Number of protein chains: 2
Amino acid sequence: MNRILIAALLATAAPLSAAPLTPAQVAALRDAALKDDYAWDITEGLTTEVGPRLAGTEAEARARAWAVAKLKAMGFANVRVETFDMPVWVRGEERAEILSPFPQNLVITALGNSGATPLQGIDAEVVGFDSVEALAAAPDEAVRGKIVFVTHAMPRTMDGSGYGQFGAPRRQGPTIASRKGAAGIVIRSIGTDHHRNPHTGVMSFADGVAPIPAGALSIPDAEQLQRVLKRGKPVRMRLLLTPRNTGTHQSGNVIAEVTGRDPSLPILLVGGHLDSWDLGTGAVDDAAGLAIATAAAKRIMDAGRPLRTIRVVWFGAEEVGLFGGLDYRAKHGKEPHYAIAESDFGADRIWRVTSKLGESRKAEADALALALAPLGIVKGSTDEADGSDIGPMLADGVPGVGLSQDGTHYFDLHHTPDDTLDKVDPEALRQNVAAWTTMLAVLSGGIEEPKRPRRR
Amino acid sequence: MNRILIAALLATAAPLSAAPLTPAQVAALRDAALKDDYAWDITEGLTTEVGPRLAGTEAEARARAWAVAKLKAMGFANVRVETFDMPVWVRGEERAEILSPFPQNLVITALGNSGATPLQGIDAEVVGFDSVEALAAAPDEAVRGKIVFVTHAMPRTMDGSGYGQFGAPRRQGPTIASRKGAAGIVIRSIGTDHHRNPHTGVMSFADGVAPIPAGALSIPDAEQLQRVLKRGKPVRMRLLLTPRNTGTHQSGNVIAEVTGRDPSLPILLVGGHLDSWDLGTGAVDDAAGLAIATAAAKRIMDAGRPLRTIRVVWFGAEEVGLFGGLDYRAKHGKEPHYAIAESDFGADRIWRVTSKLGESRKAEADALALALAPLGIVKGSTDEADGSDIGPMLADGVPGVGLSQDGTHYFDLHHTPDDTLDKVDPEALRQNVAAWTTMLAVLSGGIEEPKRPRRR
């Protein structure tokens, strides 16, 4: 047991026992977690020793091996990998160039599941639209044979709500453009920064729609293309994107547990996703997320044995289609879960707690909000929880908790080469661990102090 | 003549005449320049309609053609190009990859004048150093056949003074590494940001030293390599850089004038450089700089005829070796110059004025500082001026003025793909134009209002 934690517990609260935790005991665990180093250690280790880990590739397999070794070394029980198969798409060469009237290179990256150009690329006129709605409304002959450019004006929001609406060019643009006979589509990256780092992200063509090359320009490049188009002269672009589908490969979820005193009780599930996009090292998305959830579980384990089992899941293949979350649901969705929660919105501070635990557990939701308040966390809806991998299970009605991170800067980094360790603030990470530790403490059913504390 | 300017002049100052300007007249010109749009117009136009413009290439030639048309359209006199020949180096493919122990790609760019690897790249062990001094002190056998990595800890400074000291890995590292038999060298980018955008920049091998491949890792990648090296296992890297020297090509300085009432008097020279590195569009380095100097000259021209001729120079081929500045000096260095000044430190606000006008012109330096003070500009040394292209002439003893820009953020962008228009703050640009207009007004010898003002 961590000496700082012991000191904090002894200073402020009664010793742990099999009884439910008192508010003072929860507070002591929470405050001790503000000194956490476990989450940094995981984030630094995974991003350094594995780096980028695209789903279904050899790199993600290395990440699973790293994960198993790490979780075992941390003392978790039942560490295992549950594998599943999935289709794999990998990036190739990517280049974009304005040929006329003002020749210059643009920075581009392919969107996940993009079609490919021929190896020599395609040359075509560019036709620009301010929204997918404008693209949809255009006559086919205005688009046929051309490279479509779609821009947008995604704002920064704390809750990330801009991503849904302003992500439409990525999600719907390629299908609409292909149906109209476009030769390709380039979009303004779905992001809020101003760096020459494009944002990738998954999209899929609707059934029966022919894949066309689909890329995201960095935001400065998208603005440059807009300025060039505004000059009113015909704009020709050369576009080279050579991604390919490599067939079916294996991915997997890495699972570990803190065994509860009563394994027959519904479990607590916390996690994040292990895979990342290939452009960065996935520090913010989502090494930090799984590190936060895991550090909190580890801190409970250090404190003693919770009544309920805590299951930690590092989901595989989230970015490319939630394959890990769907596999977990298929294998475990019918097991009773007391609450599920996922950390996958970066590494900035948590500002809000939401939950959907049901009417009968209102008191628990209130106790949770009260225990989190000293961390600067406001009480949100008690009829809402979210998460990508756990989304399908939440939709099935499984109880959930949402610890909302501040997303103001999240879409500066999301899915870009810039998602690297230097973007993670260790202090914000600790606030996250404190919140997750608090949540697990409140929902744990009580923590019994170890009979033989491993004092160091 | 600009209507706003007229209004400002009439409201606050006596009409212009052939006499030296009164402080109130200078102030009126200064304050009217805070509404300037000329500088933005030039910066936006050059970066959009030409984009990157590496010295000696076809892109720089397009930039000269653009410049001549623009300066003529603005009404400058004697618009011309003075050409010169120079050796040209161009970028090729560039990739770096950690092969073991933790395979992953790193973002790299070649330094100007880097040697090339074979087309298949080189594979070698990496040996890391914290400084060029540590590299120099290492025995040759610790370096021979390896890829040298040199890092540093360049801080942000308002006056940019960190660049001199902490730029040593770029300027000296390649020569030292080559002399010790290194297979190649990669450095931490000489910069202060944390984006995956490496900083290029010129270096040259000492006479008789064999060129080796020399690249700059982005700062997040350099930190990643440091973390990997710290694990203590041998680190192997694959490095591919295929730049080449294309021989001798033409560059040139673009020159334009506001003809003074007495062309026999020593002239005022203001300028910036037209070429840019190839990675970005050179908005901050140095489209904004030449735009600021040119906008100020244009504002004086709008106000009337200065006593002294103002010569605007857009230097060619600055980045790769000051070829334009040296050519100007060879052709014009013996002509009398009343003062010379260059804007080449970004687009942030001016915070300080320095000058080196000589003892006999102390009153003029004081008047200049007094007129600039309302713009938030502090008085610096009166025995100092700087500038890259004008540096050799300043060293010759030509009088100069330095309007120091805030460099706190300059090395976030310097020589990176991120040097694009969105980084230029129009309000800061206007403050610059106001300062340069003030400087020209004070040194002009007086401005005579046009006989027939072109009222619009």
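The values are calculated or read from the model by the stated rules, or taken from the named source; none is laboratory data. Quick caveat, the model's predicted, so the values are computed rather than measured. Cβ placement follows ideal geometry from the backbone for every residue including glycine, while neighbour counts extend to all protein chains displayed.
Annotations for the structure displayed:
- In region A:286-296, residue surrounded by the most Cβ atoms within 10 Å (Cβ to Cβ) [restricted to those that are in contact (Cβ under 8 Å) with a residue 60 or more places away in the chain and closer than 18 Å to A:GLU49 by Cβ]: A:ALA288
- Meets criteria (in a helix (DSSP H, G or I) and touching a Lys or Arg at 6+ places or on another chain (Cβ under 6 Å)) for A:GLU125: no
- Condition check for A:PRO169: touching a residue at least 40 places away in the same chain (Cβ under 8 Å) and either closer than 19 Å to A:THR109 by Cβ or surrounded by 22 or more Cβ atoms within 10 Å (Cβ to Cβ) (or both): no
- Whether a residue is under 20 Å from the mean Cα position of the chain (by Cα) and either charged (D, E, K, R) or buried (at least 22 other Cβ atoms within 10 Å of the Cβ) (or both) was assessed, and B:VAL270 passes this test.
- Any chance B:THR192 is part of a loop (DSSP other than H, G, I, E, B), within 14 Å of another protein chain (Cβ to nearest Cβ), crowded, with 24+ Cβ neighbours inside 10 Å and among the hydroxyl-bearing types (Ser, Thr, Tyr): no
- Counting the residues of region A:154-175 that are farther than 17 Å from A:VAL202 by Cβ and assigned to a helix (DSSP H, G or I) gives 2.
- Subset of region A:273-289 (residues that are out of contact with any Pro (no Cβ under 9 Å at 6 or more places or on another chain) and either within 14 Å of chain B (Cβ to nearest Cβ) or farther than 16 Å from A:LYS423 by Cβ (or both)): A:HIS273, A:LEU274, A:ASP275, A:ALA283, A:VAL284, A:ALA287
- Of the candidates B:LEU368, B:LEU413, the single residue that is of a type outside the set (Val, Ile, Thr), more than 22 Å from B:ALA33 (Cβ to Cβ) and at pLDDT 95 or above is B:LEU413.
- Whichever residue in region A:23-54 is of a type in the set (Gly, Ala, Ser) and assigned to a helix (DSSP H, G or I) and, among such residues, is farthest from the other protein chains (Cβ to nearest Cβ): A:ALA24
- For beta carbons closer than 7 Å, sequence separation of 6+ or different chains, a first residue in region A:259-280 that is small (Gly, Ala, Ser) and a second that is in a strand (DSSP E or B) and surrounded by 24 or more Cβ atoms within 10 Å (Cβ to Cβ), the qualifying pairs are A:GLY260/A:PRO306; A:GLY271/A:VAL312; A:GLY271/A:VAL313; A:GLY271/A:TRP314; A:GLY271/A:PHE315; A:GLY271/A:GLU342; A:GLY272/A:TRP314; A:GLY272/A:GLU342.
- Residue check for B:ARG170: over 20 Å from B:PHE102 (Cα atoms), touching a strand residue (DSSP E or B) at 6+ places or on another chain (Cβ under 8 Å) and among the basic types (Lys, Arg): yes
- Number of positions in region B:195-238 that are free of Cβ contacts under 8 Å to residues at least 12 places away in the same chain, under 21 Å from B:GLY145 (Cβ atoms) and more than 14 Å from every other protein chain (Cβ to nearest Cβ): 1
- Scanning region B:98-121 for residues that are within 33 Å of the chain's Cα centre (by Cα), in a loop (DSSP other than H, G, I, E, B) and free of Cβ contacts under 8 Å to residues at least 60 places away in the same chain gives a single hit, B:PRO118.
- Filtered by the rule that a residue be closer than 30 Å to A:THR259 by Cβ, surrounded by 22 or more Cβ atoms within 10 Å (Cβ to Cβ) and more than 14 Å from every other protein chain (Cβ to nearest Cβ), region A:55-69 gives A:ALA55, A:ARG64, A:ALA67.
- Test result for B:LEU34, at pLDDT 95 or above and under 30 Å from A:ARG231 (Cβ atoms): yes
- Residues of region A:78-91 satisfying the condition of being away from every other protein chain (no Cβ under 14 Å) and at negative phi: A:VAL79, A:ARG80, A:VAL81, A:GLU82, A:THR83, A:PHE84, A:ASP85, A:MET86, A:PRO87, A:VAL88, A:TRP89
- Residue match in region A:111-118 (condition: of a type outside the set (D, E, K, R), surrounded by 20 or more Cβ atoms within 10 Å (Cβ to Cβ) and within 24 Å of B:THR420 (Cβ to Cβ)): yes
- Of all residues in region A:99-133, those being more than 14 Å from chain B (Cβ to nearest Cβ) and of a type in the set (Ser, Thr, Tyr) number 3.
- Condition check for B:GLU318: farther than 30 Å from B:GLU449 by Cβ and surrounded by 23 or more Cβ atoms within 10 Å (Cβ to Cβ): yes
- Residues located in region A:392-424, provided they are part of a helix (DSSP H, G or I) and either away from every other protein chain (no Cβ under 14 Å) or among the aliphatic types (A, V, I, L, M) (or both): A:PRO392, A:MET393, A:LEU394, A:ALA395, A:TYR410, A:PHE411, A:LEU413, A:LEU421
- Answer from B:VAL424, B:VAL398 - the residue that is of a type in the set (A, V, I, L, M) and more than 19 Å from B:TRP40 (Cα to Cα): B:VAL398
Quick grid of which residues meet (1) farther than 28 Å from A:TYR328 by Cβ; (2) at pLDDT 95 or above; (3) in contact with a Phe, Trp or Tyr (Cβ under 6 Å, 6 or more places away or on another chain):
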position	(1), (2), (3)
A:LEU375	yes, yes, no
A:LEU394	no, yes, no
A:PRO399	no, yes, no
A:HIS409	yes, yes, no
A:TRP436	no, yes, no
A:ARG456	yes, no, no
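- Candidates B:THR175, B:THR259, B:THR246 - the one that is closer than 22 Å to B:PRO52 by Cα, modelled with pLDDT of 95 or more, out of contact with any Asp or Glu (no Cβ under 8 Å at 6 or more places or on another chain) and more than 14 Å from chain A (Cβ to nearest Cβ): B:THR246
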